[in-house]
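The values are calculated or read from the model by the stated rules, or taken from the named source; none is laboratory data. The model shown is predicted, which means the values in this text are computed figures rather than measured ones. Cβ placement follows ideal geometry from the backbone for every residue including glycine, while neighbour counts extend to all protein chains displayed.
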Ligand SMILES: Cc1cc2nc3c(=O)[nH]c(=O)nc-3n(C[C@H](O)[C@H](O)[C@H](O)COP(=O)(O)OP(=O)(O)OC[C@H]3O[C@@H](n4cnc5c(N)ncnc54)[C@H](O)[C@@H]3O)c2cc1C
């Protein structure tokens, strides 16, 4: 039996129909690309926003506090108004440079396999949550232990009450939002435990999701054991020392029937790796230049698959740029040489990792620890042949690792630099 494969062509193919993929596809079309194709594994477009029924999305983009589905709905309307082609319920299985040039995508749909030849591809596959196995909590394996996003899906989309007495490990934004959600669903949220000495969620979520509901947050504290046969019965928790190891004398037992894990997100980069895209060890996303092109010519990346964002508004802004640059590449523009951008003291990562110097650009970054009254400084690294030069200094009242910082640079200010370094001073 021969396997029938449907063959399609696209100038720009977008993998993933969340806010990043939608904004990229709309921008590629706006930039003049008449042949954009978006592929989404889910039955509907919108990505993770479909399960985020709380508000707070779109304050920068639309000047309104929208719910996740409302925000996604605005982009889905823009997408539909432009008659952009989409394949829903279709998962991309592989991506590779084609021998005759361009890129080759293989996807699987209910109707069978689809092969797509594209001039440019935009990676917009989002990210997934770190599960229990990734943090190796000892103890039993009862039911009642969920990642916060899986719990959000069950509660918000399936209308399932997952538990009555809840503990949360990790103070990332999804965990904080679920603390409030579970409370509103009638559960008692006992505590949120965070191994770091500071919360890894946005300050506004600490206030609105924990403080407003009197839910205690224990910093420098972790879950050391899970107890329960069949259903979860409780967790042991302990404070941690400076090396993040539990301090045995501080261990205590907290009864609960549900444990939510909000312990980090991992960009979905299997396809990127398969295609040979260079991955940044800190962001776990692609290394890109200021056109959002990866190390593989014609492959662009945006959204949470590139780096985990705090606000969806910045996902849309970056994705729109990626879409416009991908359309230009598909129409024949050549890749550009780049000036390396590196994180310096106090900065965890910077993105893009290369800038061309041919245009103004924005550097996104996250700091490594909370600080007050410091500056973000962009400078040339300095060497025997090049004097160190300050390109930009931005005073900040408060710096927090949970918040993504964006610094706009004028091309004229760093023209001729051999490199750029971004640090906290
Ligand atoms: C629980 C939660 C709460 C949040 N709260 C807020 C908030 O209050 N305010 C805010 O601004 N932001 C919030 N965010 C962040 C915001 O939702 C994300 O920044 C945004 O959704 C990222 O968009 P994305 O398109 O990169 O990824 P996603 O929305 O995850 O979309 C990725 C899409 O790619 C598809 N895909 C993946 N692999 C494949 C494949 N191989 N083939 C085909 N399709 C594929 C997926 O099915 C998915 O639809 C929250 C996020 C979460 C998870």
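Checking residue 63 against (1) buried (at least 17 other Cβ atoms within 10 Å of the Cβ); (2) over 19 Å from residue 44 (Cβ atoms), only one condition comes out false. Which one?
(1)
Based on this model, can you work out whether residue 31 counts as more than 13 Å from the ligand (Cβ to nearest atom), closer than 23 Å to residue 277 by Cα and at pLDDT 95 or above? Let's see the steps before the verdict.
Numbers: more than 13 Å from the ligand (Cβ to nearest atom): yes; closer than 23 Å to residue 277 by Cα: no; at pLDDT 95 or above: yes.
No, not satisfied.
Taking the residues in segment 308-351 that are near the ligand (Cβ under 10 Å from one of its atoms) and buried (at least 19 other Cβ atoms within 10 Å of the Cβ) as candidates, determine which candidate is nearest to residue 270 (Cα to Cα).
Of all residues in segment 308-351, those near the ligand (Cβ under 10 Å from one of its atoms) come to 308-316, 318-319.
Now narrow it down to the ones that are buried (at least 19 other Cβ atoms within 10 Å of the Cβ): 308-309, 312, 315-316, 318-319.
Values: 308: 16, 309: 19, 312: 22, 315: 20, 316: 22, 318: 21, 319: 20 Å.
The qualifying residue nearest to residue 270 (Cα to Cα) is 308.
For residue 43, state whether it is in contact with a helix residue (DSSP H, G or I) (Cβ under 9 Å, 6 or more places away or on another chain), modelled with pLDDT of 95 or more, in the same structural domain as residue 296 (by TED's automatic domain parsing) and more than 16 Å from residue 271 (Cβ to Cβ). Explain how you work it out, then say what you get.
Numbers: in contact with a helix residue (DSSP H, G or I) (Cβ under 9 Å, 6 or more places away or on another chain): no; modelled with pLDDT of 95 or more: yes; in the same structural domain as residue 296 (by TED's automatic domain parsing): yes; more than 16 Å from residue 271 (Cβ to Cβ): yes.
No: the conditions fail for residue 43.
Hey, among 359, 398, which residue is within 25 Å of the chain's Cα centre (by Cα), at pLDDT below 95 and farther than 23 Å from residue 284 by Cα? Write out each step before concluding.
Details: 359 fails: within 25 Å of the chain's Cα centre (by Cα).
Step by step, each of 359, 398 is checked, and only 398 is within 25 Å of the chain's Cα centre (by Cα), at pLDDT below 95 and farther than 23 Å from residue 284 by Cα.
Given 10, 24, 4, which one is touching a strand residue (DSSP E or B) at 6+ places or on another chain (Cβ under 7 Å) and within 12 Å of the ligand (Cβ to nearest atom)? Show your work before the answer.
Working: 10 fails: within 12 Å of the ligand (Cβ to nearest atom); 4 fails: within 12 Å of the ligand (Cβ to nearest atom).
Result of the check over 10, 24, 4: 24.
Do any strands (runs of 3 or more DSSP E) entirely within segment 108-159 hold 2 or more residues that are more than 25 Å from the chain's Cα centre (by Cα), touching a residue at least 60 places away in the same chain (Cβ under 8 Å) and more than 11 Å from the ligand (Cβ to nearest atom), and if so, which?
Details: elements: 112-123, 127-129, 145-147.
Filter on segment 108-159 gives 112-123.
Report, by residue number, each residue of segment 276-307 that is away from the ligand (no atom under 12 Å from the Cβ), in contact with a helix residue (DSSP H, G or I) (Cβ under 7 Å, 6 or more places away or on another chain) and on the phi > 0 side of the Ramachandran plot.
Selection gives 292, 298.
Conditions tested, residue by residue: (1) modelled with pLDDT under 95; (2) within 15 Å of residue 175 (Cα to Cα).
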{"residue": "198", "(1), (2)": "yes, yes"}
{"residue": "211", "(1), (2)": "no, yes"}
{"residue": "220", "(1), (2)": "no, no"}
{"residue": "239", "(1), (2)": "no, no"}
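Being part of a helix (DSSP H, G or I), at pLDDT 95 or above and under 18 Å from residue 328 (Cα atoms) narrows it down to one residue among 10, 24; which is it?
None of the others qualify; the one that does is 24.
Mind telling me which of the residues 289, 280 ends up being closer than 21 Å to residue 420 by Cβ, modelled with pLDDT of 95 or more, touching a strand residue (DSSP E or B) at 6+ places or on another chain (Cβ under 9 Å) and surrounded by 20 or more Cβ atoms within 10 Å (Cβ to Cβ)? If you could, list the steps in order and put the result at the bottom.
Values: 280 fails: surrounded by 20 or more Cβ atoms within 10 Å (Cβ to Cβ).
Going through 289, 280 in turn, the sole match is 289.
Name the single residue that is nearest to residue 205 (Cα to Cα) among those in segment 41-53 being assigned to a loop (DSSP other than H, G, I, E, B) and within 6 Å of the ligand (Cβ to nearest atom). Quick ask: steps written out before the conclusion?
Narrowing segment 41-53 to residues assigned to a loop (DSSP other than H, G, I, E, B): 41-46, 52-53.
Remaining after also requiring within 6 Å of the ligand (Cβ to nearest atom): 41-42, 52.
Values: 41: 30, 42: 28, 52: 14 Å.
Here the residue is 52.
Please pick out the residue among 349, 329 that is out of contact with any helix residue (DSSP H, G or I) (no Cβ under 8 Å at 6 or more places or on another chain), within 18 Å of residue 15 (Cα to Cα) and not in a loop (DSSP other than H, G, I, E, B). Spell out the reasoning first.
On the way: 349 fails: within 18 Å of residue 15 (Cα to Cα).
Going through 349, 329 in turn, just one is out of contact with any helix residue (DSSP H, G or I) (no Cβ under 8 Å at 6 or more places or on another chain), within 18 Å of residue 15 (Cα to Cα) and not in a loop (DSSP other than H, G, I, E, B): 329.
Working only within segment 164-174, note down all residues that are part of a loop (DSSP other than H, G, I, E, B) and either at positive phi or crowded, with 23+ Cβ neighbours inside 10 Å (or both).
Going through segment 164-174, the residues part of a loop (DSSP other than H, G, I, E, B) turn out to be 164, 170-172.
Across segment 164-174, the qualifying residues are 170, 171, 172.
Could you tell me how many of the residues in segment 66-101 are surrounded by fewer than 19 Cβ atoms within 10 Å (Cβ to Cβ), in contact (Cβ under 8 Å) with a residue 24 or more places away in the chain and either away from the ligand (no atom under 15 Å from the Cβ) or under 16 Å from residue 270 (Cβ atoms) (or both)?
5
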